[in-house]
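Written below as structure tokens is the structure these notes are about.
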Amino acid sequence: MTDSTKMPFQVWILTLAAFAIGTAEFVIAGILAQVAESLAISEGQTGSLITAYALAIVVGGPLLTLWLTHGVCSYPAR
């Protein structure tokens with residue numbers, strides 16, 4: 001790959017972040033009962049953890065995207 005066809009580093013970071021976010025959300029859903037037991041709360045209350053995490057992603061995702069793509073705009077359009 002030549003320098004002109006390489007993807008910017010920020011794109012790789014965004015791809016990794018999207019994978020990690022998706023994986024983390026499904027993992028906690030799979031171990032919900034164990035988390036509820038270890039925290040001594042109901043599974044319904046533990047489900048609120050997924051909601052809080054999703055809300056953090058809704059707010060943080062666009063902010064992270066804007067922050068990481070700030071430098072990409074300086075690349076010449078092709």
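The values are calculated or read from the model by the stated rules, or taken from the named source; none is laboratory data. Every value quoted in this text rests on a predicted model; they were computed, and no experiment measured them. Glycine gets a Cβ as well: all are built from the backbone with ideal geometry, and neighbour counts include every protein chain shown.
Brief remarks on what is shown
- Subset of region 34-53 (residues that are in contact (Cβ under 8 Å) with a residue 12 or more places away in the chain and either under 20 Å from residue 69 (Cα atoms) or touching an Asp or Glu at 6+ places or on another chain (Cβ under 7 Å) (or both)): 50, 53
- From the list 65, 46, the one residue that fits, being of a type in the set (Ser, Thr, Tyr), touching a helix residue (DSSP H, G or I) at 6+ places or on another chain (Cβ under 8 Å) and at pLDDT below 85, is 65.
- Any hit, region 1-16, residues being surrounded by 13 or more Cβ atoms within 10 Å (Cβ to Cβ), of a type in the set (Val, Ile, Thr), in contact (Cβ under 8 Å) with a residue 60 or more places away in the chain and out of contact with any Cys (no Cβ under 6 Å at 6 or more places or on another chain): yes
- Among the residues of region 49-62, the one identified as at pLDDT below 85 and hydroxyl-bearing (Ser, Thr, Tyr) is 53.
- Of all residues in region 25-45, those satisfying the criterion of being surrounded by 12 or more Cβ atoms within 10 Å (Cβ to Cβ) and within 15 Å of the chain's Cα centre (by Cα) are 25, 28.
- Residue satisfying all of: in region 46-56; loosely packed, with under 11 Cβ neighbours inside 10 Å and of a type outside the set (Ser, Thr, Tyr); nearest to residue 28 (Cα to Cα) among these: 52
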